Amino acid sequence: MKKRTLSQKKRIIHDLNAARKQTGLPGLEGGSRICLKCGRSFFSMGNWNRICESCSIIISKREESLETYHIGR
Ligand SMILES: [Zn+2]
């Protein structure tokens, strides 16, 4: 996963909200949020985004290593 800069994230939210407006959906609220995993504040892309980028990377790495463990037993 590539790391995105803050301005890139804001740009993505802006584009998403433009598309959501066209389909009659409410806009996403991007902004500062506290990570559920580490408790640090991070830039959230919306209500569904509650874990910071570094924690989500850790989670996906853990899943990868579990898979490797099962395959390699
Ligand atoms: Zn975190």
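Tell me which residues, restricted to region 29-50, are assigned to a strand (DSSP E or B) and not β-branched (Val, Ile, Thr). Gly31, Ser32, Arg33, Ser41, Phe42, Phe43, Ser44 - these are the residues of region 29-50 that are assigned to a strand (DSSP E or B) and not β-branched (Val, Ile, Thr). Here is a check on your reading of the model: is Glu29 touching a Gly at 6+ places or on another chain (Cβ under 9 Å) and modelled with pLDDT under 80? Here the answer is yes, as Glu29 does meet what is asked.
Just the residues that are surrounded by 11 or more Cβ atoms within 10 Å (Cβ to Cβ) and more than 13 Å from the chain's Cα centre (by Cα), please, taken from region 9-18. The answer is Arg11, His14, Leu16, Asn17. Among residues of region 30-51 that are within 23 Å of Arg11 (Cβ to Cβ), those with a Cβ under 7 angstrom from a residue that is at pLDDT below 90 and near the ligand (Cβ under 9 Å from one of its atoms), sequence gap 6+ or separate chain, pair up as Phe42/Glu53. When region 42-59 is filtered for residues that are surrounded by 11 or more Cβ atoms within 10 Å (Cβ to Cβ) and either more than 10 Å from the ligand (Cβ to nearest atom) or not β-branched (Val, Ile, Thr) (or both), the ones remaining, listed by number, are Phe42, Phe43, Ser44, Met45, Gly46, Asn49, Arg50, Cys52, Glu53, Ser54, Cys55, Ser56.
The values are calculated or read from the model by the stated rules, or taken from the named source; none is laboratory data. As the structure is a prediction and not an experimental result, all values here were calculated from the model. Cβ coordinates were reconstructed from backbone atoms using ideal geometry, including for glycine residues, and neighbour counts include every protein chain displayed.
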